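Written out below as structure tokens is the structure these notes cover.
The values are calculated or read from the model by the stated rules, or taken from the named source; none is laboratory data. Quick caveat: nothing in here was measured; it's all calculated off a predicted structure. Virtual Cβ from ideal backbone geometry, glycine too; neighbours counted across all protein chains shown. Each accessible area value is taken on the protein alone, full model and side chains, heavy atoms only, with ligands, DNA and RNA left out. Shrake-Rupley method; radii C 1.70, N 1.55, O 1.52, S 1.80 Å.
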Amino acid sequence: MTTTTSNPPVVRPNEAAARSQRVADARSAFRQIKIVHPRQEAIIAGLDEVRRSGIATRGERQYGITLLAESGSGKTTAAEHFRDGIERLGELPEGSRPVLIVKLMSTGTARSLFSSILQALDDPFYDRGTEPNLHKRAVQAIKRDNVQLLVIDEIQHLSRRSSAATHVTDSLKTFLDSGLVPIAFFGTHDADKLFQSSHELNGRLFPPLTLPPLDWWADDDRDLFLDFVEDLDTAMVDKQIMKVASGLVEEDIARPLCLASSGIIGRTCRIVETAAINVVREGRHAITRNDLAMAVNSWAIAHSFIDYNPFVEIEA
């Protein structure tokens, strides 16, 4: 198989503006698609167990849980889906934040940890104050907003400065030992060394959650991937991004797509989005295999996620 490219046609200013708006609308609609597959549902169930355990033992030593996986695996999506579901229950007073997702700053210090918590809780002065002051304010804000589970995302940022690792893990242990709130630590495997460096922190953790890439050659994984791309195909039609389904579930498309994304759902979405935008830009109705092949070239290979194009290799 060969992929073809052509120079974009010359368009008038008004036509260019209309096309740009179509692309912008399509990107926005695509980003609104939220598909939770069964392994993410297992993550959600695990988070709820930790949350409920924390409620049942409030005031006693709390425990944490880790989820370390490839970037784009769907960790944050699962946490957001869980948070939104708990908030819809409406079991706490208005303004409560039962599940708080904290995206860490990249500075990798205990101070940045407390500052990130305050930022997630909409404190306008989240970056002002000494570390002890920020710590105290973070504790007060967590209590005030009825936080039942703290999800610390991008936890690998805390392992970037080895000189600060002990201080950081001590701060995390203090949070748990104080009986304040259970913590879910989300991040990539770059955070392994953070947890390996502290047996005391590990002793306060439940068995880890896992979200490995989907392996096309494993029957269960392949079925999960096929279900996901079928749902994605349907969602693109429902969101009026595509006029008709693109047949993403067909093996000659799904197999190279799974290989090109290394079975990582986030990468799958970026490849499909890149292909879909090209279709929208050209005013066509559905994604073709060639669109996906070009998307692998222009996104996955261009950003060094993969060094070959499975759509071309498989055809050859």
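Answer yes or no: is there a residue in segment 17-31 that is aromatic (Phe, Trp, Tyr) and in contact with a strand residue (DSSP E or B) (Cβ under 8 Å, 6 or more places away or on another chain).
For segment 17-31, residues aromatic (Phe, Trp, Tyr) and in contact with a strand residue (DSSP E or B) (Cβ under 8 Å, 6 or more places away or on another chain): absent.
Within segment 99-120, how many residues turn out to be in a helix (DSSP H, G or I) and either open to solvent by less than 40 Å² (accessible area, probe 1.4 Å) or within 21 Å of Val50 (Cα to Cα) (or both)?
Step one: filter segment 99-120 for residues in a helix (DSSP H, G or I), giving 110-120.
With either open to solvent by less than 40 Å² (accessible area, probe 1.4 Å) or within 21 Å of Val50 (Cα to Cα) (or both) added as a condition, the list becomes 110, 112-118, 120.
Residues in segment 99-120 being in a helix (DSSP H, G or I) and either open to solvent by less than 40 Å² (accessible area, probe 1.4 Å) or within 21 Å of Val50 (Cα to Cα) (or both): 9 in total.
Quick one: which residue in Arg137, Arg204, Arg144 is free of Cβ contacts under 8 Å to residues at least 24 places away in the same chain and touching a helix residue (DSSP H, G or I) at 6+ places or on another chain (Cβ under 9 Å)? Write out each step before concluding.
Values: Arg204 fails: free of Cβ contacts under 8 Å to residues at least 24 places away in the same chain; Arg144 fails: touching a helix residue (DSSP H, G or I) at 6+ places or on another chain (Cβ under 9 Å).
After applying the criteria, what remains is Arg137.
Here's a check for you: in segment 121-143, which residue that is more than 29 Å from the chain's Cα centre (by Cα) and in a loop (DSSP other than H, G, I, E, B) is surrounded by the most Cβ atoms within 10 Å (Cβ to Cβ)? Let's see the steps before the verdict.
Within segment 121-143, the first condition is being more than 29 Å from the chain's Cα centre (by Cα), and the residues that meet it are 129-130, 132-133, 136.
Next, from what is left, pick out any that are in a loop (DSSP other than H, G, I, E, B): 129-130.
On the way: Gly129: 16, Thr130: 9.
Applying the filter and picking the extreme gives Gly129.
Can you tell me which residue is nearest to His303 (Cα to Cα) among those in segment 221-267 that are polar (S, T, N, Q) and open to solvent by less than 30 Å² (accessible area, probe 1.4 Å)?
We begin by selecting, within segment 221-267, every residue polar (S, T, N, Q); these are 234, 240, 246, 261-262.
Filter once more, keeping what is open to solvent by less than 30 Å² (accessible area, probe 1.4 Å): 246, 261.
Working: Ser246: 25, Ser261: 12 Å.
Among those that are polar (S, T, N, Q) and open to solvent by less than 30 Å² (accessible area, probe 1.4 Å), it is Ser261.
Kindly check whether there is at least one residue in segment 70-83 that is over 19 Å from the mean Cα position of the chain (by Cα) and open to solvent by less than 60 Å² (accessible area, probe 1.4 Å).
As a first pass, look at segment 70-83 and keep what is over 19 Å from the mean Cα position of the chain (by Cα): none.
No: segment 70-83 contains no residue that is over 19 Å from the mean Cα position of the chain (by Cα) and open to solvent by less than 60 Å² (accessible area, probe 1.4 Å).
Which residue out of Ala293, Ala218 is buried (at least 16 other Cβ atoms within 10 Å of the Cβ) and among the small types (Gly, Ala, Ser)?
Working: Ala218 fails: buried (at least 16 other Cβ atoms within 10 Å of the Cβ).
From the options Ala293, Ala218, the qualifying one is Ala293.
Within the bounds of segment 44-60, is there any residue that is closer than 22 Å to Thr268 by Cβ and modelled with pLDDT of 95 or more? Working first, answer last.
Keep residues of segment 44-60 that are closer than 22 Å to Thr268 by Cβ, which gives 44.
Next cut, modelled with pLDDT of 95 or more only: 44.
Yes: one or more hits.
Cβ contacts < 8 Å: first residue under 19 Å from Leu232 (Cα atoms), restricted to segment 15-34; second residue open to solvent by 60 Å² or more (accessible area, probe 1.4 Å), any location; separation 6+ or different chain. Result?
Val23/Arg281; Ala29/Lys239; Ala29/Gln240; Phe30/Lys239; Gln32/Lys239; Ile33/Lys239; Lys34/His81
In segment 84-98, which residues are closer than 13 Å to Asn146 by Cα, open to solvent by 30 Å² or more (accessible area, probe 1.4 Å) and touching a strand residue (DSSP E or B) at 6+ places or on another chain (Cβ under 9 Å)? Before the answer, list the steps.
If we filter segment 84-98 for residues that are closer than 13 Å to Asn146 by Cα, which is where we start, we get 86-87, 90-98.
If we keep only those that are open to solvent by 30 Å² or more (accessible area, probe 1.4 Å) as well, we get 87, 90-95, 97.
Glu87, the sole residue that qualifies.
Among the residues of segment 52-64, write down those that are touching a residue at least 40 places away in the same chain (Cβ under 8 Å), surrounded by fewer than 21 Cβ atoms within 10 Å (Cβ to Cβ) and on the phi < 0 side of the Ramachandran plot. Please lay out each step first, then the result.
Here is the first cut: in segment 52-64, the residues touching a residue at least 40 places away in the same chain (Cβ under 8 Å) are 53-55, 57-64.
With surrounded by fewer than 21 Cβ atoms within 10 Å (Cβ to Cβ) added as a condition, the list becomes 53, 55, 57-61, 63.
Passing the criteria: Ser53, Ile55, Thr57, Arg58, Glu60, Arg61, Tyr63.
All but one of (1) open to solvent by 20 Å² or more (accessible area, probe 1.4 Å); (2) under 30 Å from Ala245 (Cα atoms) hold for His199; which doesn't?
(2)
If Ala191 passes every condition in (1) closer than 22 Å to Val36 by Cβ; (2) of a type in the set (A, V, I, L, M); (3) within 19 Å of the chain's Cα centre (by Cα) but one, which one does it miss?
Of the numbered conditions (1) closer than 22 Å to Val36 by Cβ; (2) of a type in the set (A, V, I, L, M); (3) within 19 Å of the chain's Cα centre (by Cα), the odd one out for Ala191 is (1).
Any chance segment 86-108 includes a residue that's of a type in the set (Gly, Ala, Ser), closer than 30 Å to Pro212 by Cα, in the same structural domain as Leu194 (by the TED database) and in contact with a His (Cβ under 6 Å, 6 or more places away or on another chain)?
The answer is yes, given that some residue of segment 86-108 is of a type in the set (Gly, Ala, Ser), closer than 30 Å to Pro212 by Cα, in the same structural domain as Leu194 (by the TED database) and in contact with a His (Cβ under 6 Å, 6 or more places away or on another chain).
Rundown of residues vs (1) closer than 16 Å to Ala254 by Cα; (2) in the same structural domain as Ile253 (by the TED database), yes/no style:
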position	(1), (2)
Glu273	yes, yes
Asn278	no, yes
Glu282	no, yes
His285	no, yes
Arg289	yes, yes
Ala295	yes, yes
Asn309	yes, no
Val312	yes, no
